[in-house]
Ligand SMILES: Nc1nc2c(c(=O)[nH]1)N[C@H]1C(S)=C(S)[C@@H](COP(=O)(O)OP(=O)(O)OC[C@H]3O[C@@H](n4cnc5c(=O)[nH]c(N)nc54)[C@H](O)[C@@H]3O)O[C@H]1N2
Ligand SMILES: Nc1nc2c(c(=O)[nH]1)N[C@H]1C(S)=C(S)[C@@H](COP(=O)(O)OP(=O)(O)OC[C@H]3O[C@@H](n4cnc5c(=O)[nH]c(N)nc54)[C@H](O)[C@@H]3O)O[C@H]1N2
Ligand code: SF4
Ligand SMILES: [Mo]
């Protein structure tokens with residue numbers, strides 16, 4: 001049996017794997033693990049890799065939606081015909097409404113490798129400033145606020161840590177290599193604190209579990225800062241030499257006394273004090289924050305407050321603490337100089353988040369539906385959707401679908417005929433991570449450069465994302481700007497400043513370490529902030545009209561959406577965990593995975609169930625002011641009474657299960673446009 005090494009990008013954990021092949025067909029894929037832990041972690045999705053790659057449901061060739069005798073149908077076409085049709089329409093729309101009427105939307109699966117730079121380059125040369133990633137509901141909102149505080153997003157160094165806070169994050173199901181590091185640290189004696197409204201498997205492993213009220217994390221962080229300052233548990237040398245705004249922070253947090261506010265967070269004051277003392281007194285310590293604190297209306301202030309904890313305790317960029325990345329030098333190929341100077345992107349209402357990192361690109365997704373529906377600041381006419389299923393994953397599905405219906409051109413680049421693809425005019429079939437060579441995103445930001453390596457040839461008449469972009473660019477007349485004939489040529493150019501080539505990466509399947517890991521880099525180079533220090537107080541945020549020190553006075557932002565309607569919708573709905581069987585809306589069409597988890601559930605506390613006469617496995621309706629969905633109930637103590645956890649991502653399988661029918665997209669975090677997909681008021685009633 002032949003054996004090849006690559007990176008799996010079925011989910012964003014991007015694990016190194018070994019692929020076993022027979023007659024050039026994948027038979028088995030195994031995750032490489034460095035774990036020396038007792039429990040071997042099992043990733044179901046990788047076991048299903050062959051079923052995913054060879055799924056009979058895969059798109060096999062480009063298709064155009066045609067109309068005849070009042071009926072619409074999909075016509076299979078050649079790549080040439082599909083790209084010609086797209087080019088013609090794009091040019092028409094550009095002529096009539098301007099290039100800015102076209103928007104490119106990247107989802108979580110869109111080409112993890114190239115830092116999205118190929119698509120950015122194409123839109124820049126086309127002349128549209130509207131290329132948007134979905135990071136406002138994902139990690140980018142957190143990333144930006146780490147960056148405002150100390151110049152970059154830190155990574156927790158779990159494996160070398162003696163105390164780990166896992167905050168709104170579930171590495172067990174989402175990042176297995178990191179989960180193994182946590183377990184390894186625990187086995188070596190590290191203390192674990194989990195902050196999560198749900199009793200997850202990680203919470204069961206923890207020394208302390210804080211079952212925080214959903215969305216109250218920022219207030220909790222402020223009360224932890226208060227304890228650290230008032231009990232003098234902070235690193236006094238670091239605070240003196242490397243931070244600004246300590247006194248302002250001290251004043252602001254003086255109101256956040258655990259004994260006064262713990263109850264509003266569903267917590268006990270002594271437990272808050274116990275956990276913060278453990279965290280601040282154990283060195284080194286780190287905090288892994290996750291998507292559980294994203295997707296709230298206060299994500300910016302919350303991320304800032306959590307970031308400040310890392311700085312106050314002196315754990316920044318220390319071994320076992322919170323590491324500042326060591327990006328490798330790479331060439332920026334985005335051609336931003338082509339982007340029109342006089343046309344603002346549709347995201348310009350969020351200027352700070354628009355420009356916080358030139359490599360990440362724009363992630364202000366919260367403006368998209370508004371721009372499409374209200375033609376504000378100008379009409380959008382065409383949308384190219386790559387690696388996303390927004391019909392299911394965007395907040396307030398109903399409104400998003402209304403907006404989509406207004407467009408004159410929708411192109412979807414995907415593996416499957418998803419709910420979103422069904423609404424497109426043209427679908428372009430792409431390849432799975434095992435069929436295409438890409439640079440791994442993490443590689444550009446961290447120190448170890450890893451290649452995702454093509455292991456089999458492209459399925460049927462599918463093209464990898466890079467080829468779709470390169471060929472579309474050429475059809476549009478940008479041969480000069482897209483001179484590459486292969487992705488290898490493009491990657492070599494991107495990596496030229498580091499003097500690393502695709503071939504070298506192929507020779508080193510575990511990656512190439514660019515330079516030795518260095519700690520406390522700030523001593524030589526300062527922090528990458530306007531003052532060169534950790535900004536507990538941010539003059540930049542103040543200049544843009546935001547609170548310079550995190551504060552949670554605007555009460556509505558701490559509440560789940562629809563809080564004002566709590567009389568009729570008294571339960572906090574939590575958009576539930578990412579399952580290790582699935583990735584968001586994906587893979588309910590894969591038999592091995594569907595068999596493991598055949599249906600979605602809503603977890604409801606026994607007290608709340610009793611009040612509603614609901615028993616285990618009863619069919620229930622979950623309703624919010626925006627819509628209704630139906631699932632089976634699971635009576636469970638893992639949720640706090642007053643909240644329910646609703647299974648996530650099932651809307652692709654059956655639209656009755658589409659959680660985003662319940663969510664709101666009206667209110668947003670004022671810095672990042674983040675909608676509160678995570679928590680919202682709802683009610684659960686027994687369905688007759
Ligand atoms: N209520 C609620 N809403 C949420 C979330 C939540 O937890 N609750 N989570 C939010 C978060 S963090 C995220 S990241 C988004 C995710 O939202 P999406 O980005 O829409 O994620 P997926 O459902 O995984 O859709 C990815 C699509 O890409 C396709 N695909 C897979 N691999 C490739 C590839 O290599 N290239 C291309 N072109 N396509 C590919 C898949 O078939 C799938 O249709 O949802 C957000 N929305
Ligand atoms: N198997 C699998 N892996 C994935 C994905 C997937 O869909 N499936 N998606 C990928 C993507 S795009 C992302 S963004 C990452 C996300 O990965 P993580 O950052 O680990 O985020 P989640 O698993 O969404 O949620 C983490 C935890 O937050 C908790 N939580 C919910 N609400 C709150 C709250 O208000 N406060 C606190 N403190 N906690 C809360 C949840 O109960 C959950 O245990 O996973 C990636 N990996
Ligand atoms: S965790 Fe994700 S990236 Fe890692 S092997 Fe499983 S599916 Fe692939
Ligand atoms: Mo995400």
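No other residue among 249, 202 is within 16 Å of ligand 3 (Cβ to nearest atom) and modelled with pLDDT of 95 or more apart from 202. More than 10 Å from ligand 2 (Cβ to nearest atom), assigned to a loop (DSSP other than H, G, I, E, B) and not assigned by TED's automatic domain parsing to the domain that holds residue 362 - does that describe any residue in the stretch 103-125? No, the conditions are met nowhere in the stretch 103-125.
Checking 55, 12 one by one, the residue that is under 24 Å from residue 169 (Cα atoms), within 29 Å of the chain's Cα centre (by Cα) and within 15 Å of ligand 1 (Cβ to nearest atom) is 12 and no other. Looking only at residues that are in contact with a strand residue (DSSP E or B) (Cβ under 6 Å, 6 or more places away or on another chain) and modelled with pLDDT under 95 in the stretch 448-467, which one is farthest from residue 63 (Cα to Cα)? Here the residue is 448. Scan the stretch 331-354 for residues that are part of a loop (DSSP other than H, G, I, E, B) and either surrounded by 14 or more Cβ atoms within 10 Å (Cβ to Cβ) or touching a residue at least 60 places away in the same chain (Cβ under 8 Å) (or both) and the total you get is 15. Report yes if some residue within the stretch 250-264 is buried (at least 17 other Cβ atoms within 10 Å of the Cβ), touching a residue at least 24 places away in the same chain (Cβ under 8 Å) and in contact with a strand residue (DSSP E or B) (Cβ under 9 Å, 6 or more places away or on another chain); otherwise report no. Taking every residue of the stretch 250-264 in turn, none turns out to be buried (at least 17 other Cβ atoms within 10 Å of the Cβ), touching a residue at least 24 places away in the same chain (Cβ under 8 Å) and in contact with a strand residue (DSSP E or B) (Cβ under 9 Å, 6 or more places away or on another chain).
Here's the yes/no breakdown for (1) within 28 Å of the chain's Cα centre (by Cα); (2) more than 25 Å from residue 4 (Cα to Cα); (3) without any contact (Cβ under 8 Å) to a residue 24 or more places away in the chain; (4) surrounded by fewer than 19 Cβ atoms within 10 Å (Cβ to Cβ):
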{"site": "444", "(1), (2), (3), (4)": "yes, no, no, no"}
{"site": "450", "(1), (2), (3), (4)": "yes, no, no, no"}
{"site": "457", "(1), (2), (3), (4)": "no, no, no, yes"}
{"site": "474", "(1), (2), (3), (4)": "no, yes, yes, yes"}
{"site": "486", "(1), (2), (3), (4)": "no, no, yes, yes"}
{"site": "490", "(1), (2), (3), (4)": "yes, no, no, no"}
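Among the residues of the stretch 365-418, just one is within 23 Å of residue 127 (Cβ to Cβ), more than 22 Å from the chain's Cα centre (by Cα) and within 13 Å of ligand 1 (Cβ to nearest atom), namely 411.
Restricting attention to the stretch 277-316, the residues that are buried (at least 23 other Cβ atoms within 10 Å of the Cβ), more than 12 Å from ligand 2 (Cβ to nearest atom) and part of a loop (DSSP other than H, G, I, E, B) add up to 2.
Between 87, 81, the distinction of being in contact (Cβ under 8 Å) with a residue 12 or more places away in the chain, touching a strand residue (DSSP E or B) at 6+ places or on another chain (Cβ under 8 Å) and closer than 18 Å to residue 475 by Cα belongs to 81 only. If we scan the stretch 539-559, do we find a residue that is assigned to a loop (DSSP other than H, G, I, E, B), within 16 Å of ligand 4 (Cβ to nearest atom) and at pLDDT 95 or above? There is no residue in the stretch 539-559 that is assigned to a loop (DSSP other than H, G, I, E, B), within 16 Å of ligand 4 (Cβ to nearest atom) and at pLDDT 95 or above.
The values are calculated or read from the model by the stated rules, or taken from the named source; none is laboratory data. Since the structure is predicted, the reported quantities are computational estimates derived from the model, not experimental observations. Virtual Cβ from ideal backbone geometry, glycine too; neighbours counted across all protein chains shown.
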